[in-house]
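Down below is the structure, laid out as structure tokens.
The values are calculated or read from the model by the stated rules, or taken from the named source; none is laboratory data. Quantities reported herein were computed from a predicted structural model and do not represent experimental measurements. Heads up, the Cβs are rebuilt from the backbone with ideal geometry, glycines too, and the neighbour counts pull from every protein chain shown. Just so you know, the surface numbers come from the protein's heavy atoms only, side chains and all, with ligands and any DNA or RNA stripped out. Shrake-Rupley method; radii C 1.70, N 1.55, O 1.52, S 1.80 Å.
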Amino acid sequence: MRLAWCWRKRGVRREEHEGEFSAALALLDHLPLRERLVTGDALYCQREFCERVLAAAGQYLVTVKENQPT
């Protein structure tokens with residue numbers, strides 16, 4: 001199993017004013033996601049992220065708090 005992750009100020013370089021989410025989207029384009037499980041916290045529970053993972057034939061698992069019913 002190969003893992004990839006982002007740490008603030010390590011791993012993925014960020015352009016000025018680029019947030020963690022946009023850096024993660026850019027990283028997805030360079031990873032082989034076919035038959036892989038991509039995990040993330042509530043920040044990644046966004047349609048664009050999930051659609052990109054599915055389009056690359058991957059699967060996703062994001063965690064959300066109980067106070068987010070939808």
Matching residues in region 12-70 - criterion: being open to solvent by 40 Å² or more (accessible area, probe 1.4 Å), outside any loop (DSSP other than H, G, I, E, B), at pLDDT below 90 and in contact with a helix residue (DSSP H, G or I) (Cβ under 9 Å, 6 or more places away or on another chain): Glu20, Leu43
Does Val64 meet the test of being over 10 Å from the mean Cα position of the chain (by Cα) and among the β-branched types (Val, Ile, Thr)? yes
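Return the residue satisfying two criteria in turn: it lies in region 1-11 and is open to solvent by less than 100 Å² (accessible area, probe 1.4 Å) and over 17 Å from Thr63 (Cβ atoms), and of such residues it is modelled with the lowest pLDDT.
Applying the filter and picking the extreme gives Gly11.
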In region 43-63, which residues are of a type outside the set (A, V, I, L, M, F, W, C), under 15 Å from Glu20 (Cβ atoms) and touching a strand residue (DSSP E or B) at 6+ places or on another chain (Cβ under 6 Å)? Tyr44
